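Below is one structure; the comments refer to it alone.
The values are calculated or read from the model by the stated rules, or taken from the named source; none is laboratory data. Please read these numbers as outputs of a predicted model, since none were measured by experiment. Backbone-built Cβ (ideal geometry, glycine too); neighbour counts: all protein chains shown. Protein only, heavy atoms only, side chains kept; ligands, DNA and RNA dropped before computing areas. Shrake-Rupley method; radii C 1.70, N 1.55, O 1.52, S 1.80 Å.
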Amino acid sequence: MLWIEERCRGLTLGLILAPLLAGAQSNTPPSTPGKVPSPPVPAEMTASPAATPPRAAARFVVVIDAAHGGADSGARLSNHLLEKDLALALSVRLRSVLGAHGIYVVTTRESDGAVPDLNRAQAANHAAAAACISLHATTSGSGVHLFTSSLTQIPMTRFLPWETAQGAYAEQSLRLSSEIDSAMRHAEIPVTLGRTALQPLDSFTCPAVVVELSPLNTAGKVTALSDPDYQDRIVATMAAAVEQWQRDWRQQP
Amino acid sequence: MISRPQRILFWTLLFSSVLMSVVLLRMRERALDRLLASGETMPLNPPTGTPVQNVTMMMANDMDGSLQPGYQNLALPVDANARAHVILQHLLLNYARPNSKHPIAANKGVNEIFFINLPLEANQVLPGTLAVVDLSGSFVDAHPSGIEPETLTLLSIIATLHTNFPQISQVRFLVDGQQRDTLAGHADLTRVYLASDSPGVKHL
Ligand SMILES: [Zn+2]
């Protein structure tokens, strides 16, 4: 469980995250009471917040959230390919490419099992990530659909409501989306931009984007999502976008 | 005493009358069959005599994720709920046509739509209306799964309703009369959607 691993270095992260996780404890979505055991909050997380360390010293962490899993297969992309399997495969590949570039990655799903949205958000929020990327896929449209939350920007406060916490990151998420958009266009992959109301996206306390992949439809020629070259292009382009985001992130105060 | 030519004439006339009766009865049966057959596949038609209006449909396009206005002449009933039903049925029928830019397989579309007047809120001059759209199970089953196609369908319905009924300020979705979590695995159907010139979501 990645969030347990994350908790080991919870002293500094915990100080920053305490308000968010405390908020999560008191704002558990009403639809899942008792369904998902909430992880206990470590003792150090209840301490008062300390000064945020400078960016240069902070670790650049990326969360990759492979959507669906288990009984929830997502879209049927072809007779042999389900959305949940493609999302997981691309999550694993993106993690290894980013890892090779020295970027620390936390994943919300490592196998074909059901992961409740609450657990995904807890894993992501515990990581204090600089970028959270949810991976989906569909048969509709062409290229990549980038979605940010439909929540409007709210001020960053100590306590954020669990179901709408992403509102505090709305502007940062739009910048992350713009970064991925630029990289995709540079790689000549068509992009559509949209906003949506979706869990766990709305609960992420990090700059967060949903990347929904669809077949490439250019000049009447359709490249299926199962095409290995197309998948490689997408993974390489996303990795390039994350690396650019890392450079921008380091320069921010 | 009846003459022979008169007897021949009588029998000829009688035979002709019987033949004509049989032919007429057969033709009547055929006409009835045709009427019944056409009645089974008859599309939703408004009562005759309703005025034909130019209706704006906000049509979704999967390729660029856009909503573009399309125009259609429709005979619309007077009742607002029935009018909204006819408009949405035609909107969804367009998506089932070949070469649709937002393809959804043929289905029964919308079961019903009804309007609920909302109480006047602060800073409001006119009270808004909540439109409850009851989608058919066959529509939801036929809908492709994906954030983009599902979001576009909802936005297309919301924008088409708001364009034709500007008083509609909020939209809720049901499926066969029941609340459903998502349209096809992604777009949230438990929320109230805000209908405005730029549709959004009301976070409750
Ligand atoms: Zn999905």
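Which of the strands (runs of 3 or more DSSP E) found entirely inside the stretch A:158-253 contain at least 2 residues meeting this: at pLDDT below 95 and open to solvent by 10 Å² or more (accessible area, probe 1.4 Å)?
A:191-196, A:216-218, A:221-223
When you look at A:GLY167, is it among the small types (Gly, Ala, Ser), under 21 Å from A:VAL242 (Cβ atoms) and within 11 Å of another protein chain (Cβ to nearest Cβ), yes or no?
no
Could you list, in sequence order, the residues of the stretch A:129-142 that are away from the ligand (no atom under 16 Å from the Cβ) and surrounded by fewer than 24 Cβ atoms within 10 Å (Cβ to Cβ)?
First, pick out the residues of the stretch A:129-142 that are away from the ligand (no atom under 16 Å from the Cβ): A:129-131, A:142.
Within the stretch A:129-142, just A:SER142 meets the criteria.
Taking the stretch A:144-155 as the region of interest, how many residues are away from the ligand (no atom under 16 Å from the Cβ) and either within 10 Å of chain B (Cβ to nearest Cβ) or in contact with an Asp or Glu (Cβ under 7 Å, 6 or more places away or on another chain) (or both)?
Of the residues in that region, 4 qualify.
Given the conditions (1) within 14 Å of chain B (Cβ to nearest Cβ); (2) more than 16 Å from the ligand (Cβ to nearest atom), report the number of the one that A:HIS186 does not fulfil.
It fails just one condition, (1).
Quick one: count up the residues across the stretch A:195-222 that are within 14 Å of the ligand (Cβ to nearest atom) and closer than 18 Å to B:MET63 by Cα.
6
Within the stretch B:75-84, does at least one residue satisfy the condition of being under 30 Å from A:PRO215 (Cβ atoms) and either among the aliphatic types (A, V, I, L, M) or touching a helix residue (DSSP H, G or I) at 6+ places or on another chain (Cβ under 9 Å) (or both)?
no
If you go through the stretch B:164-179 one residue at a time, do you hit one that is within 16 Å of the ligand (Cβ to nearest atom), buried (at least 20 other Cβ atoms within 10 Å of the Cβ) and of a type in the set (Val, Ile, Thr)? Spell out how you get there, then give the answer.
To start, the set of residues in the stretch B:164-179 that are within 16 Å of the ligand (Cβ to nearest atom) comprises none.
Checked against the condition, which is being within 16 Å of the ligand (Cβ to nearest atom), buried (at least 20 other Cβ atoms within 10 Å of the Cβ) and of a type in the set (Val, Ile, Thr), the stretch B:164-179 yields no hits at all.
Please identify the pairs in which a residue from the stretch A:70-88 that is at the interface with another protein chain (Cβ under 9 Å from one of its Cβ atoms) has its Cβ atom under 8 Å from the Cβ atom of a residue that is among the hydrophobic types (A, V, I, L, M, F, W, C) and open to solvent by 50 Å² or more (accessible area, probe 1.4 Å), counting only partners at least 6 apart or on another chain.
Here the result reads A:ASP72/A:ALA114, each pair linking the stretch A:70-88 to a residue that is among the hydrophobic types (A, V, I, L, M, F, W, C) and open to solvent by 50 Å² or more (accessible area, probe 1.4 Å).
With the condition being open to solvent by 30 Å² or more (accessible area, probe 1.4 Å), I'd like the strands (runs of 3 or more DSSP E) fully within the stretch B:58-160 carrying at least 3 qualifying residues.
By residue number, B:66-75, B:110-117.
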